[in-house]
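K.L.:
Have a look at this one before I ask anything.
The values are calculated or read from the model by the stated rules, or taken from the named source; none is laboratory data. The shown structure was predicted, so the numbers you read here are calculated from the model rather than taken from an experiment. Note: ideal-geometry Cβ built from the backbone for every residue, glycine included; neighbour counts use all protein chains shown. The protein model used for the area step is the full one, side chains on, heavy atoms only, and it has no ligands, DNA or RNA in it. Shrake-Rupley method; radii C 1.70, N 1.55, O 1.52, S 1.80 Å.
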Amino acid sequence: KSIGGYFELELNNEGEYHKKLLRLNTARNALEYLLKAQNFRKIYIPYFTCDVILEPLKKLNIPFEFYNIDCKFEPIFNFDLVKESECFLYTNYFGIKDLYIHDLKTKIDNLIIDSAQSFFSKPLENIHTIYSPRKFFGVSDGAYLATNRLLDENLQNDISFDRMNHLLLRADLNAEEGYAEFCKNDSVLINNPIRSMSQLTQKILCSIDYTGVKEIRRKNFDFLDSKLKNKNLLNLKVSEDSIPMVYPFWSHKKDLKKVLLNNRIYCATYWPNVLEWCNDNDLEKVLTMEVVYLPIDQRYCEEDMKFIIQCINNSLNDV
Ligand SMILES: Cc1ncc(COP(=O)(O)O)c(C=O)c1O
């Protein structure tokens, strides 16, 4: 430990939210770690997920099979098909499937929960769970993994400082100025070896007011739900202690996302690859093209939610 000299970025040291989990560099690499450590021979994955999930499967040459989901984001699948040497990956979609996962864990033995979208859902006992904090906070990488078997490998520490400029640009200028760098830094995460979480990412994750973040996210989600529930074609049932990532809103207004974008309200597409993987009449394709995933995160207050609702209502009245 050096003493004296110039200062580093000053951050609080409140502690991490997932204190006891393994710290790795990305969620896809957390999946790779898990598949290696558990020696699974095949994995079932949803069509409705991010294509980077395929990265570890290709790297390790593990056969995979896709499954479909219904409009409650739940698998249409016969769980008896999963053999002892195989595993089943389910995503806690948008952090709103906690209740369902409680039920699902009684039905499958080798269940892996992809909690990339549900940072605040604590891992259930003996259930492999992966997390990707950059979907919830201003970090450029990092992952947590809940597992009971460790790999006998010495992992190098990841280094993040040179893929963080989008965070700085957004803080210093605005969202638009940092977007190209965000895309670049996102693509730098492709095909990296499994590493331990960088010190910088860990330090930032130690500095977050998790209680405050939880409160704001849930309040914003509930506010949108109270105003949009009657217009939402999705029937969302969210347990009281769930902390969602976004508010999924499905209406017949096909260009709603574009209308919101024109008002500088940016909604991510989950997931562009689904458009290639699925046919026009598959529900997954509809969930990608027609559902807008509204921001509800800790940067926003009730006034911002009101603005989102106003834009939506104006747009729906235009139909
Ligand atoms: C559902 C889901 N799981 C896993 C991942 C992979 O996370 P990471 O980028 O940390 O590897 C993503 C997106 O990147 C995702 O959307």
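K.L.:
Pull up the stretch 214-234, narrow it to residues that are without any contact (Cβ under 8 Å) to a residue 40 or more places away in the chain and under 30 Å from Ser160 (Cβ atoms), then point me to the one that is most open to solvent (accessible area, probe 1.4 Å).
P.N.:
Glu215
K.L.:
While we're looking at this one, here's another question. Spot the failing condition for Leu275; the list is (1) part of a loop (DSSP other than H, G, I, E, B); (2) surrounded by 13 or more Cβ atoms within 10 Å (Cβ to Cβ), and only one is missed.
P.N.:
Condition not satisfied by Leu275: (1).
K.L.:
Can you name the number of the only condition in (1) away from the ligand (no atom under 12 Å from the Cβ); (2) in contact with a helix residue (DSSP H, G or I) (Cβ under 9 Å, 6 or more places away or on another chain) that Ile53 fails?
P.N.:
Tallying (1) away from the ligand (no atom under 12 Å from the Cβ); (2) in contact with a helix residue (DSSP H, G or I) (Cβ under 9 Å, 6 or more places away or on another chain), Ile53 fails exactly one: (1).
K.L.:
Given the stretch 109-157, what strands (runs of 3 or more DSSP E) lie entirely inside it while holding 2 or more residues that are within 23 Å of Ser207 (Cα to Cα)?
P.N.:
128-131, 143-146
Residue-by-condition table, conditions (1) touching a Phe, Trp or Tyr at 6+ places or on another chain (Cβ under 6 Å); (2) over 18 Å from Thr91 (Cβ atoms):
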{"residue": "Lys229", "(1), (2)": "no, yes"}
{"residue": "Leu234", "(1), (2)": "yes, no"}
{"residue": "His252", "(1), (2)": "no, yes"}
{"residue": "Thr269", "(1), (2)": "no, no"}
{"residue": "Lys285", "(1), (2)": "no, no"}
{"residue": "Val291", "(1), (2)": "yes, no"}
{"residue": "Lys306", "(1), (2)": "no, yes"}
{"residue": "Gln310", "(1), (2)": "no, yes"}
{"residue": "Asn313", "(1), (2)": "no, yes"}
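K.L.:
Right, something else. State all residues of the stretch 242-259 that are assigned to a loop (DSSP other than H, G, I, E, B) and over 13 Å from the mean Cα position of the chain (by Cα); if no residue qualifies, say none.
P.N.:
Correct list: Ser242, Ser251, His252, Lys253, Lys254, Asp255.
K.L.:
Quick one: count up the residues across the stretch 235-244 that are open to solvent by 10 Å² or more (accessible area, probe 1.4 Å) and under 14 Å from Asp297 (Cβ atoms).
P.N.:
Of the residues in the stretch 235-244, 1 are open to solvent by 10 Å² or more (accessible area, probe 1.4 Å) and under 14 Å from Asp297 (Cβ atoms).
K.L.:
Restricting to the stretch 158-176, name every residue that is in a loop (DSSP other than H, G, I, E, B) and either open to solvent by 40 Å² or more (accessible area, probe 1.4 Å) or touching a strand residue (DSSP E or B) at 6+ places or on another chain (Cβ under 8 Å) (or both).
P.N.:
Asp158, Ile159, Leu173, Asn174
Residue-wise test of (1) over 22 Å from Ala37 (Cβ atoms); (2) within 15 Å of the ligand (Cβ to nearest atom); (3) assigned by TED's automatic domain parsing to the domain that holds Tyr44.
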position	(1), (2), (3)
Phe66	yes, yes, yes
Leu89	no, yes, yes
Ile101	no, yes, yes
Ile127	no, no, yes
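K.L.:
Next question. Got at least one residue in the stretch 210-220 being in contact with a helix residue (DSSP H, G or I) (Cβ under 7 Å, 6 or more places away or on another chain) and not assigned by TED's automatic domain parsing to the domain that holds Ser115?
P.N.:
To start, the set of residues in the stretch 210-220 that are in contact with a helix residue (DSSP H, G or I) (Cβ under 7 Å, 6 or more places away or on another chain) comprises 220.
Remaining after also requiring not assigned by TED's automatic domain parsing to the domain that holds Ser115: 220.
Looking for residues that are in contact with a helix residue (DSSP H, G or I) (Cβ under 7 Å, 6 or more places away or on another chain) and not assigned by TED's automatic domain parsing to the domain that holds Ser115, one finds at least one in the stretch 210-220, hence yes.
K.L.:
With the condition kept exactly as written, say whether any residue in the stretch 190-213 is more than 24 Å from Asn12 (Cβ to Cβ), of a type in the set (Phe, Trp, Tyr) and touching a residue at least 40 places away in the same chain (Cβ under 8 Å). Walk me through it before giving the result.
P.N.:
Looking only at the stretch 190-213, we keep the residues that are more than 24 Å from Asn12 (Cβ to Cβ), and these are 190-195.
In the following step, the residues that additionally are of a type in the set (Phe, Trp, Tyr) were identified as none.
Looking for residues that are more than 24 Å from Asn12 (Cβ to Cβ), of a type in the set (Phe, Trp, Tyr) and touching a residue at least 40 places away in the same chain (Cβ under 8 Å), one finds none in the stretch 190-213, hence no.
K.L.:
Going by the conditions given, is Phe40 within 14 Å of Ile112 (Cβ to Cβ), open to solvent by less than 50 Å² (accessible area, probe 1.4 Å) and without any contact (Cβ under 8 Å) to a residue 40 or more places away in the chain?
P.N.:
No; evaluated as a whole, the condition is false for this residue.
K.L.:
Still on this structure, please answer the following. Within the set of pairs 6 or more residues apart or between chains, which connect a residue that is open to solvent by 20 Å² or more (accessible area, probe 1.4 Å) inside the stretch 93-108 to a residue that is part of a loop (DSSP other than H, G, I, E, B) and among the polar types (S, T, N, Q) with Cβ atoms less than 7 Å apart?
P.N.:
Asp98/Asn92; Asp98/Ser121; Asp98/Ser239; Asp98/Ser242; Leu99/Ser239
K.L.:
Now for a different question. Condition (residue is more than 10 Å from the ligand (Cβ to nearest atom), under 17 Å from the mean Cα position of the chain (by Cα) and open to solvent by 30 Å² or more (accessible area, probe 1.4 Å)) applied to the stretch 130-138: is it met by at least one residue?
P.N.:
yes
K.L.:
Still on this structure: It is to be established whether one or more residues within the stretch 119-129 are surrounded by 22 or more Cβ atoms within 10 Å (Cβ to Cβ) and aliphatic (A, V, I, L, M).
P.N.:
Looking for residues that are surrounded by 22 or more Cβ atoms within 10 Å (Cβ to Cβ) and aliphatic (A, V, I, L, M), one finds none in the stretch 119-129, hence no.
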